[in-house]
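Structure, as structure tokens:
The values are calculated or read from the model by the stated rules, or taken from the named source; none is laboratory data. This one's a predicted model, so the numbers in the text were calculated from it and none came from an experiment. FYI the Cβ positions are ideal-geometry reconstructions off the backbone, even for glycines, and counts take in every protein chain you see. Just the protein is used for accessible areas: all its heavy atoms, side chains included, with ligands, DNA and RNA removed. Shrake-Rupley method; radii C 1.70, N 1.55, O 1.52, S 1.80 Å.
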Amino acid sequence: MVQSMSLRLQLLLLQALIIFTTVVGTGIVAGALQERHLREAYLDRMIGVAQSVARLPAILDAFDTPDPAAIIQPIAEVIRTASNVTYVVVTDENGIRYSHPNPDRVGELVSTDPSAPLSGEMWVGTQTGTLGESWRVKVPLYGLDDEIVGTVSVGILESSLREEFMGDLNWLLIALGGSVLLGLFGSAWVTSIIRRRIYRLEPKEIASLVGSRETMLHGLSEGIVNVDEGGRITLVNDAALALLGVDIGALAGRPAAEALEQALVEVLERGEPEGQLVLAGERILVARSTGTELDGRTVGATLLIRDHTELHALLRQMDGAQSLTDGLRAQAHEFANKLHVVSGLLELGRVEDARAFVERAGRGGPLGIAGDDSVVDNAELAALLMVKSSQARELGISLEIRDSQVVDELGDRDAAALAGGDLVTVIGNLVDNALEACSAGDRVRLSLATGGDDLIITVEDDGPGISPELYDSVFVEGVSSKLPDLGEGDRRLHRRGIGLALVRRVVRRHGGQVSVGRSTLGGACFTVRLPLGARGATELERSTR
């Protein structure tokens, strides 16, 4: 039945129940306190009246007269009327009344036990007498020689107490009733506000929306990070955690400026609806944001991140494949020309000239590796070097590779330094930078060597080089000495300063070092030292914890 009720009715009934319970509880407590205060006030009054009568000289003197009641009765009635009590009864030591509101009861024996006050004690309690049930006080009455000569009893009917209590209770009930009505109107108003805030949705609709939202957020391949007006992260989906390589505790509830990479924070704050390439850890991401400012005020923002690493790798592979295709086409064309020359010489009968021409042509073709006749057994590295050599020849750049056999000679103990294609990432980015810095006729040299427990990779060129002022900052993301000839929109997605930053992060993860300086060829020289053996494996294990 509860589920069939609308949310508005449920809220109203629940609030009404809370108000009713609170008001009734408050009324009961207030009534109990009111009754107690009323009784305490009458008790103080009755004790005061009884003790005053017991000490009154006229009362004490009347006991020595032949008819004490004739003196005591008028005095007791005046005191009773003035003090607003039901009765003031004075008795002798035998319990004979000398005063009573009903004069016919004077001279009779009291209807209740007077032993307590006659023993010298004050007694307080409820008893039923000739006037009915009453709440009374009894005190001893002492004579001139301090002997007990009688008692004084002062009381008020319980019915009178209840009548007075009910008279005060009416006002309390009116106040409580007004509170209930005010609370109900307030509940209806609050219910209306809540309904407007939740767009008048019912619980089932809200649950369905929340379920759909969770399914959508955690099912998206695009990472989503929400921040509030204070810059704290309020929502992160599974894709964002995977792309950033962290768990939920590292992001949720923390300031975005502390939990996210600085490049992501800048995109988040600035707002980038078209998207921008950023480096987060060792991932290349496309980050978009709505911005944290709107019309000069701070607002919540949403950061959308998409993995660009695989796309970046695919684009590089495609470029390499295109270069390889062009190289093979050039090789086929060149080979056909050579065959034509050999064929012509043979037709002319100049066999020795044909043999000399073949010897001058040499072995291998455009896909050979200059400076090193051996191709490494590492298939990925071999493919990379062959493609880079082909690219260099197309650009008219001489790419010299020295000691590529060093990689073949590394044992299983050195596998840590080559894990996950990291060596390909380092060499590929450094060679790409060198080729971009050079022009036709320039030289690029790649050297591989071992020194102690380190694999030393050196890439140098005779291009324009790098200014010494940039040596410390060239590995920072976004810093580059080259500006792309692209439009504003394309520049965001072809952002410079990514490759070298990625190289440094990969090298540091292995516990190695990368530096830049002046090459002996005249351009820039990049040197990478990767630890091998047990030291390299230890550093890699630490970085993955």
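Among residues of the range 101-120 that are in contact (Cβ under 8 Å) with a residue 12 or more places away in the chain, those with a beta-carbon under 8 Å from a residue that is among the acidic types (Asp, Glu) and open to solvent by 50 Å² or more (accessible area, probe 1.4 Å) at least six positions away or on a different chain give the pairs Leu118/Glu93. Farther than 21 Å from Leu502 by Cα, assigned to a helix (DSSP H, G or I), basic (Lys, Arg) and modelled with pLDDT of 80 or more: which single residue out of Arg393, Arg413 fits that description? None of the other options fit; the residue is Arg393. Candidates in the range 227-250 are the residues that are assigned to a loop (DSSP other than H, G, I, E, B) and at pLDDT below 85; of these, the one that is most open to solvent (accessible area, probe 1.4 Å) is Asp247. Within the range 477-502, the set of residues being hydrophobic (A, V, I, L, M, F, W, C), modelled with pLDDT of 55 or more and more than 16 Å from Leu285 (Cα to Cα) comprises Val479 only.
Among the criteria (1) more than 60 Å from the chain's Cα centre (by Cα); (2) open to solvent by less than 50 Å² (accessible area, probe 1.4 Å); (3) among the aromatic types (Phe, Trp, Tyr), the one Tyr142 does not fulfil is (2). Check whether at least one residue in the range 21-32 is out of contact with any helix residue (DSSP H, G or I) (no Cβ under 9 Å at 6 or more places or on another chain), part of a helix (DSSP H, G or I), open to solvent by 70 Å² or more (accessible area, probe 1.4 Å) and of a type in the set (A, V, I, L, M), and report yes or no. Yes, that holds for at least one residue. In a residue-by-residue description of the range 219-226, the property of being in contact with a helix residue (DSSP H, G or I) (Cβ under 9 Å, 6 or more places away or on another chain), in a helix (DSSP H, G or I) and loosely packed, with under 13 Cβ neighbours inside 10 Å applies to at least one position.
Does the range 36-47 include one or more residues that are in contact with a strand residue (DSSP E or B) (Cβ under 6 Å, 6 or more places away or on another chain), at pLDDT 85 or above and β-branched (Val, Ile, Thr)? The answer is yes; a qualifying residue exists.
Number of residues in the range 57-66 that are outside any helix (DSSP H, G or I) and either among the β-branched types (Val, Ile, Thr) or at pLDDT 90 or above (or both) equals 1.
Of the residues making up the range 254-273, none is out of contact with any Phe, Trp or Tyr (no Cβ under 8 Å at 6 or more places or on another chain), closer than 30 Å to Ser390 by Cα and modelled with pLDDT of 65 or more.
The set of residues from the range 270-291 being open to solvent by 50 Å² or more (accessible area, probe 1.4 Å) and free of Cβ contacts under 8 Å to residues at least 24 places away in the same chain comprises Arg270, Pro273, Arg288, Thr290.
Applying the condition of being part of a helix (DSSP H, G or I) and of a type in the set (Val, Ile, Thr) to the range 186-216 and asking which residue is most open to solvent (accessible area, probe 1.4 Å) yields Thr215. Name the pairs whose Cβ atoms lie under 6 Å apart, with the first residue in the range 45-62 and open to solvent by less than 40 Å² (accessible area, probe 1.4 Å), the second not aliphatic (A, V, I, L, M), and 6 or more positions between them or separate chains? So the pair list comes out as Val49/Ser83; Ala62/Pro68. Please work out if Val528 is closer than 29 Å to Ala287 by Cα, touching a strand residue (DSSP E or B) at 6+ places or on another chain (Cβ under 7 Å), at pLDDT 90 or above and not in a helix (DSSP H, G or I). Taking the combined requirement at face value, the residue does not satisfy it.
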